[in-house]
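Visitor: Below are the structure tokens for one structure; questions will follow.
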There are 2 protein chains.
Amino acid sequence: MAMRNRITIHDIARHAGVGVGTVSRVLNDHPNVSAETRAAVQKAISELGYRPRSAAKTLRTRKSLAIGFITDYIATTPFAGNVISGAQDVAWQYDHILLLVNTNGDPALEEAAVEMMLSREVEGIIYATMWHRPVTPPKNILETNVALLDCYVEDRSLPSVVPDELRGGYEATARLIQSGHRRIAFINHNIPDPAQVLRAEGYCRALADHDITYDETLVVQRVAEPYGGYEAMGRILRLSKLPSAVFCYNDRMAMGAYDAIKEHGLRIPQDMAVISYDNQELLAANLHPALTTMELPHYGMGRWAAQYLLGGELKPASPPQVLLACPLIERQSV
Amino acid sequence: MAMRNRITIHDIARHAGVGVGTVSRVLNDHPNVSAETRAAVQKAISELGYRPRSAAKTLRTRKSLAIGFITDYIATTPFAGNVISGAQDVAWQYDHILLLVNTNGDPALEEAAVEMMLSREVEGIIYATMWHRPVTPPKNILETNVALLDCYVEDRSLPSVVPDELRGGYEATARLIQSGHRRIAFINHNIPDPAQVLRAEGYCRALADHDITYDETLVVQRVAEPYGGYEAMGRILRLSKLPSAVFCYNDRMAMGAYDAIKEHGLRIPQDMAVISYDNQELLAANLHPALTTMELPHYGMGRWAAQYLLGGELKPASPPQVLLACPLIERQSV
């Protein structure tokens, strides 16, 4: 039952410098894709030798089994679809269907959802959060196999897959340094969570590795929304000595930073380069200029979690704590 | 088993002038909500007398049943989460869980998904598309109860729920007229589909009902993406006699129109009022100024479809073809 080591739409996306959503739209002849993007994706498909497989062929029997999929905030995130697609793509390879429950983070509902799934004899449960954080899943989930997705338990007693935030923060900063920037601001979220702490750590390490002194006046923390990014960038633009580049905690903050930079009469990227995190395609691809950003590996996390539950490999003695890389999506803002 | 006629988060959202996603974030103490928005939602909750119910209490038995939920493009739309939430909220009231399959629009995969669901003895299947259009579902779906969501079959032989695009187009245009505008441009999608045709029809009827002559130079069609909106608005801004307001086919096109209007040195809404369609909150709430738009009733369509399958009402002789209203979300662009 080992999976073939084949080209995936994730590889296509990285090669073409777009998100997996865009590749999916091109593969499915969705009308809302620009001609340029379509051409770039088709070039990548051709260069990598990708052949879309009929997913229907992977359904070998009618007597399918199921895995449970519990999410917290499916309605309020643009990421849920990619996570679910990744999990489903693997689940179907193993003839499994997803039983989906969205809980809005309600612990009583989570416990009830697990009971429901256990009564339906799922092979395992993916417990997924929509942003990277520690969790306390309901106790009854231990009655089956579990894979935590974009979250972890503090004692690391359950298998988990999360984005490699530190490496992503490092690579975003290094990308700016590679373009010649030495004075680099960092707009961060103002609530400590793994992404906030680890992306900052990556920023610091990249500066240190390139002999750039950390300057605390260049680091501003605000609410992780466009207005927070706007405020933070405004503060940075009042410094007597301006930076030439800024790394933003997420694409929403970058959206606000764009407004502040433009109102200040500066051009992106000539006067101020911008790099960001998340690859929320609706924003990142459509800002002027299009935003260079680190992609959160939602599709890949979905695949990993389903593969862990269904792959049949010997489970290691200690539950794996997997970090997935966040690929750089190059656009026009650096 | 009749549902109580209770206040829903949809009512809260309308009352507070925000999307259901925002209400959900406030109810769940999600950190990424501005203080102003949180206050507005809490005011609406208080005024309407809303009491969040523990969804867990609705699970009366461990022996739950299931309905199938087939979607086409879950990974590439911001709307899937709301549709799924609406369907799940009702399904859980009836002790049902959702079996989810995303097909990327592949007909062979759709047929296989239906087989899988039939073999698991679902009570019915919701067949959902992510934009309003005619469909040809796989034949085997007729072996169970079906509710079509955001789509319909041409001969109207299956029950269907879709947004009331005509009324939405009418009300968007009437909203501009109500603010004193008489010369109103319309930026439309350039591919005919129900939304494109019916929103245009609503625009025309609203003009006629207010004795405004239709002027074809004010109607420009482009790709339904930000760059299409940017191009269309640029063309409108080259007219010798400018309009004072514009109705955009969707929020993505409005995003591009904003850029064109600002580059032209005009202010929104003082020099050019903008109203739009979809309420993609990530865009609409975060543009400067925040965008007034008609909300697509995704949560409500999800609820309707699940209620139709599970409600146990006598099925009418001819399959219902339901139009759900698209509420006006007032922000700052009109």
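Visitor: Run the helix sum for the protein assembly as shown: -39,500 (n - 2.57) per DSSP H stretch of 4+ residues, divided by residue count, reported at 222 nm to the nearest 500 deg cm²/dmol.
Guide: Result for the protein assembly as shown: -12000 deg cm²/dmol, rounded to the nearest 500.
Visitor: Something else: Cα axis of helix A:107-119 to longest principal axis of chain A: angle in degrees, 0 to 90, nearest 10?
Guide: Taking Cα atoms only, the helix is inclined about 40 degrees.
Visitor: Still on this structure: Do any of A:Lys241/A:Lys262; A:Lys43/B:Lys139; B:Lys139/B:Lys315 go past 28 Å between their Cα atoms, and which?
Guide: Correct reply: A:Lys43/B:Lys139.
Visitor: Assuming a ≥ b ≥ c are the square roots of the Cα gyration tensor eigenvalues, decide whether the range B:165-295 counts as rounded (a/c under 1.5), prolate (otherwise, with a/b larger than b/c) or oblate.
Guide: Rounded is the answer for the range B:165-295, as its axis ratio a/c remains below 1.5.
Visitor: State the percent of C-alpha pairs, over all pairs in the protein assembly as shown, separated by a distance greater than 43 angstrom.
Guide: Taking all Cα-Cα pairs of the protein assembly as shown, the fraction more than 43 Å apart is 21 percent.
Visitor: What's the ranking of B:149-159, A:39-49, B:198-208, B:97-107 by average number of surrounding C-beta atoms within 10 Å, highest first?
Guide: In decreasing order of mean packing, B:149-159, A:39-49, B:198-208, B:97-107 become B:97-107, B:198-208, B:149-159, A:39-49.
Visitor: Could you list which residues have their amide H under 5 Å from that of A:Leu266, counting only those 5 or more apart in sequence or on another chain, with H placed in the peptide plane?
Guide: So A:Leu266 has HN proximity to no qualifying residue.
Visitor: What percent do you get for the relative contact order of chain B when only Cα pairs under 8 Å and 6+ apart count?
Guide: With pairs under 8 Å counted, the relative contact order is 19 percent.
Visitor: How far is helix B:298-310 tilted off the main Cα axis of chain B, in degrees rounded to 10, range 0 to 90?
Guide: On a 0 to 90 degree scale, this one is about 30.
Visitor: Would you kindly derive the ³J(HN,Hα) couplings of the range A:72-80 from the backbone phi angles with the Karplus curve 6.51 cos²θ - 1.76 cosθ + 1.60 (θ = phi - 60°), listing them in order in whole Hz, with x for Gly and Pro?
Guide: 3J(HN,Hα) across the range A:72-80, in whole Hz: 9, 10, 4, 7, 10, 9, x, 8, 4.
Visitor: Now for a different question. Under the rule of at least 5 residues apart or a separate chain, name every residue whose amide H is placed under 5 Å from the amide H of B:Ala325.
Guide: B:Asp164
Visitor: Just to confirm the number: angle between the C-alpha axis of helix A:165-178 and the first principal axis of chain A, 0 to 90 degrees, nearest 10?
Guide: Computed tilt is about 30 degrees.
Every number here is computed from the coordinates shown, using simple stated rules; none is lab data. Quick caveat: nothing in here was measured; it's all calculated off a predicted structure. Using ideal geometry, Cβ is built from the backbone for each residue, glycine included, and neighbour counts are taken over all protein chains shown.
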